[in-house]
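Undergrad: Attaching a single structure in structure tokens format; questions to follow.
The values are calculated or read from the model by the stated rules, or taken from the named source; none is laboratory data. It should be emphasised that the depicted structure is a prediction, and the values quoted were computed from it without experimental measurement. Cβ: placed from backbone, ideal geometry, glycine included. Neighbour counts: every protein chain shown. Just so you know, the surface numbers come from the protein's heavy atoms only, side chains and all, with ligands and any DNA or RNA stripped out. Shrake-Rupley method; radii C 1.70, N 1.55, O 1.52, S 1.80 Å.
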Amino acid sequence: MAQITLSNLAHSYLAKPSTPDDWALKEMNHVWNDGEAYALLGASGCGKSTLLNIISGLLHPSEGKILFGDTDVTDTTTAERNIAQVFQFPVVYDTMTVRENLAFPLKNRRAPAEYIRDRVQTIGAMIGMEAELDRRARGLTADAKQKISLGRGMVREDVNAILFDEPLTVIDPHMKWALRTQLKELHQQFGHTMIYVTHDQTEALTFADKVVVMHEGRVVQMGTPQQLFDTPEHTFVGYFIGSPGMNLVPAQVLGNRAALETGEVGLAGTYPALDGKVEIGVRPEFVTLTDADTGLPVRVRRVEDVGRHKIVRADLFGQDINVIVPEGQEIGADMSRVVFDPARVNVYQNDWRVTPLEQKGA
Ligand code: ADP
Ligand code: MG
């Protein structure tokens with residue numbers, strides 16, 4: 001196993017890229033720690049599969065290098081990199097039995113027969129197909145075939161990393177949760193480096209130690225679910241993670257005050273003068289709806305009761321703002337102001353988070 005380093009990596013599918021939009025991956029530098037479980041999260045088309053295929057060796061990057069440990073593997077094949085990859089749609093050999101399909105990667109590596117038998121049995125149980133091991137893959141449902149693909153990805157214990165590209169897309173919703181739990185257990189048991197691509201935040205947050213958020217060909221943040229929640233480094237992370245996502249409000253920021261169109265907000269940090277597009281970001285969890293006469297005036301448009309809490313959709317000087325109100329708390333007709341928790345307000349300049357010069361209480 002190895003630490004994976006991406007050094008000045010960039011990729012374009014065009015022969016002569018000219019504008020920034022021509023690059024599916026913009027230049028990036030990242031280190032993926034050995035043995036960690038990562039989720040690669042982002043909207044469709046942001047470059048997740050491109051990045052995964054470059055790491056596995058299916059695609060050669062236009063620029064930059066990939067290192068495993070200290071070794072440059074940029075020009076090596078997937079087999080030489082010793083990587084297992086599971087794709088969105090099943091890749092199985094129809095004429096082989098389930099058992100033969102699962103055994104295939106081990107046979108290829110000339111593993112001892114006894115070991116293969118035991119290992120296939122274990123993996124068969126893991127994917128819930130013990131009873132079907134001697135059936136031919138032909139005629140099985142897409143769901144079952146994808147489970148075989150997953151099993152094949154997991155069967156070898158000696159791989160450097162296992163990469164999953166939205167592997168549960170064709171899997172029945174009930175089975176999804178069970179399989180994701182299995183993958184997590186497998187990770188805890190064997191400690192392989194795993195990279196799991198998804199566009200679903202719940203899937204990412206439940207699977208991974210670290211979530212890598214991609215946006216428009218860039219990795220905008222690599223962090224624990226808690227870090228993504230507390231300090232989104234890019235407005236996209238704030239918006240994409242959370243339900244609903246972070247509120248963003250245009251502001252003028254100076255020192256420890258943010259001036260909005262209809263009032264002022266206190267900040268826990270101290271900031272230098274900022275130019276460009278400046279916004280403050282605060283998650284709905286840290287906005288309080290109040291009937292006091294302090295705070296910013298809002299007009300409540302709608303209340304959604306989602307069981308655990310209520311989501312209040314309101315209007316703040318013509319802009320949407322969401323507030324999470326704990327279950328059981330009344331929402332009175334005279335509640336027409338919101339207060340932000342200063343410690344939970346982040347400041348953004350041109351979509352990137354600004355680190356405060358000083359932080360109160362830090
Ligand atoms: P994701 O997996 O996040 O949905 P992809 O990595 O598949 O995103 O795609 C990133 C961008 O690269 C998209 O704009 C997509 O249209 C483009 N792209 C992907 N594969 C190819 C290809 N083989 N040839 C040309 N463009 C591609
Ligand atoms: Mg993809």
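Undergrad: Condition (residue is without any contact (Cβ under 8 Å) to a residue 12 or more places away in the chain and closer than 30 Å to R135 by Cβ) applied to the stretch 14-34: is it met by at least one residue?
TA: No: the stretch 14-34 contains no residue that is without any contact (Cβ under 8 Å) to a residue 12 or more places away in the chain and closer than 30 Å to R135 by Cβ.
Undergrad: Still on this model: Could you go through the stretch 71-82 and let me know if any residue there is in a loop (DSSP other than H, G, I, E, B), out of contact with any strand residue (DSSP E or B) (no Cβ under 6 Å at 6 or more places or on another chain) and within 16 Å of ligand 2 (Cβ to nearest atom).
TA: Looking for residues that are in a loop (DSSP other than H, G, I, E, B), out of contact with any strand residue (DSSP E or B) (no Cβ under 6 Å at 6 or more places or on another chain) and within 16 Å of ligand 2 (Cβ to nearest atom), one finds none in the stretch 71-82, hence no.
Undergrad: May I ask you to verify whether A131 is of a type in the set (G, A, S), free of Cβ contacts under 8 Å to residues at least 60 places away in the same chain and either assigned by TED's automatic domain parsing to the domain that holds S149 or open to solvent by 50 Å² or more (accessible area, probe 1.4 Å) (or both)?
TA: Judged against the criteria, A131 is a match.
Undergrad: Among A343, A333, A314, which is the only one that is at pLDDT 95 or above and either within 14 Å of L248 (Cα to Cα) or surrounded by fewer than 13 Cβ atoms within 10 Å (Cβ to Cβ) (or both)?
TA: A314
Undergrad: Filtering the stretch 1-58 down to residues that are of a type in the set (S, T, Y), under 16 Å from the mean Cα position of the chain (by Cα) and within 10 Å of ligand 1 (Cβ to nearest atom), which residue is most open to solvent (accessible area, probe 1.4 Å)?
TA: S44
Undergrad: In a helix (DSSP H, G or I), touching a strand residue (DSSP E or B) at 6+ places or on another chain (Cβ under 6 Å), of a type outside the set (S, T, Y) and within 16 Å of ligand 2 (Cβ to nearest atom): does that describe L52?
TA: Yes, satisfied.
Undergrad: Given the stretch 253-293, what strands (runs of 3 or more DSSP E) lie entirely inside it while holding 3 or more residues that are out of contact with any Phe, Trp or Tyr (no Cβ under 7 Å at 6 or more places or on another chain), in contact (Cβ under 8 Å) with a residue 60 or more places away in the chain and of a type outside the set (G, A, S)? Let's see the steps before the verdict.
TA: Details: elements: 263-271, 278-282, 287-290.
Once the strands (runs of 3 or more DSSP E) in the stretch 253-293 are filtered for at least 3 residues that are out of contact with any Phe, Trp or Tyr (no Cβ under 7 Å at 6 or more places or on another chain), in contact (Cβ under 8 Å) with a residue 60 or more places away in the chain and of a type outside the set (G, A, S), what remains is 263-271.
Undergrad: Considering the stretch 214-234 alone, what residues qualify as being assigned to a helix (DSSP H, G or I) and either open to solvent by 10 Å² or more (accessible area, probe 1.4 Å) or farther than 27 Å from P342 by Cα (or both)?
TA: If the condition is that a residue be assigned to a helix (DSSP H, G or I) and either open to solvent by 10 Å² or more (accessible area, probe 1.4 Å) or farther than 27 Å from P342 by Cα (or both), then P225, Q226, Q227, F229, D230 are the ones that fit.
Undergrad: Would you please name the residue that is farthest from G245 (Cα to Cα), looking only at residues in the stretch 346-360 that are at pLDDT below 95 and in a strand (DSSP E or B)?
TA: Filtering the stretch 346-360 for residues that are at pLDDT below 95 and in a strand (DSSP E or B), the one farthest from G245 (Cα to Cα) comes out as E358.
Undergrad: Out of all the residues in the stretch 204-213, which are open to solvent by 20 Å² or more (accessible area, probe 1.4 Å) and not polar (S, T, N, Q)?
TA: Residues of the stretch 204-213 open to solvent by 20 Å² or more (accessible area, probe 1.4 Å): 205-206, 209-210.
Hits for the stretch 204-213 are L205, D209, K210.
Undergrad: Would you confirm whether any residue within the stretch 133-146 is of a type in the set (S, T, Y) and within 33 Å of the chain's Cα centre (by Cα)?
TA: Looking for residues that are of a type in the set (S, T, Y) and within 33 Å of the chain's Cα centre (by Cα), one finds at least one in the stretch 133-146, hence yes.
Undergrad: Turning to a different aspect of this structure: Return the pair list, or none, for Cβ contacts closer than 6 Å from residues in the stretch 36-54 that are more than 9 Å from H215 (Cα to Cα) and hydrophobic (A, V, I, L, M, F, W, C) to residues that are near ligand 1 (Cβ under 6 Å from one of its atoms) and part of a helix (DSSP H, G or I), at least 6 apart or on different chains.
TA: Listed by first residue and then by second, the contacts come to L40/K48.
Undergrad: Test L58 against the criterion of being in the same structural domain as H11 (by TED's automatic domain parsing), within 16 Å of ligand 2 (Cβ to nearest atom), under 21 Å from P225 (Cα atoms) and touching a helix residue (DSSP H, G or I) at 6+ places or on another chain (Cβ under 7 Å), and give yes or no.
TA: Details: in the same structural domain as H11 (by TED's automatic domain parsing): yes; within 16 Å of ligand 2 (Cβ to nearest atom): yes; under 21 Å from P225 (Cα atoms): no; touching a helix residue (DSSP H, G or I) at 6+ places or on another chain (Cβ under 7 Å): yes.
No; evaluated as a whole, the condition is false for this residue.
Undergrad: Restricting attention to the stretch 59-69, report how many residues are within 13 Å of ligand 1 (Cβ to nearest atom) and either open to solvent by 30 Å² or more (accessible area, probe 1.4 Å) or polar (S, T, N, Q) (or both).
TA: The initial filter retains those residues of the stretch 59-69 that are within 13 Å of ligand 1 (Cβ to nearest atom), namely 59-62.
Then drop every residue that is not either open to solvent by 30 Å² or more (accessible area, probe 1.4 Å) or polar (S, T, N, Q) (or both), which leaves 59-60, 62.
Counting residues in the stretch 59-69 that are within 13 Å of ligand 1 (Cβ to nearest atom) and either open to solvent by 30 Å² or more (accessible area, probe 1.4 Å) or polar (S, T, N, Q) (or both) gives 3.
Undergrad: Name the helices (runs of 4 or more DSSP H) wholly within the stretch 121-213 that hold at least 2 residues that are among the basic types (K, R)?
TA: Here the list reads 142-154, 173-190.
Undergrad: Oh, and also: Just to verify a result, which residue in the stretch 72-123, among those that are open to solvent by 70 Å² or more (accessible area, probe 1.4 Å) and within 16 Å of ligand 1 (Cβ to nearest atom), is farthest from F190 (Cα to Cα)?
TA: Residue satisfying both the conditions and the ranking: F89.
Undergrad: Also, quick follow-up: Go through A10, A24, A2 for me and flag whichever is at pLDDT below 95, among the small types (G, A, S) and either more than 25 Å from R180 (Cβ to Cβ) or away from ligand 2 (no atom under 16 Å from the Cβ) (or both).
TA: Result of the check over A10, A24, A2: A2.
Undergrad: Would you mind finding the one in T193, T198 that is in contact with a helix residue (DSSP H, G or I) (Cβ under 6 Å, 6 or more places away or on another chain), open to solvent by less than 10 Å² (accessible area, probe 1.4 Å) and either within 16 Å of ligand 1 (Cβ to nearest atom) or in the same structural domain as R117 (by TED's automatic domain parsing) (or both)?
TA: Only one candidate passes the filter, namely T198.
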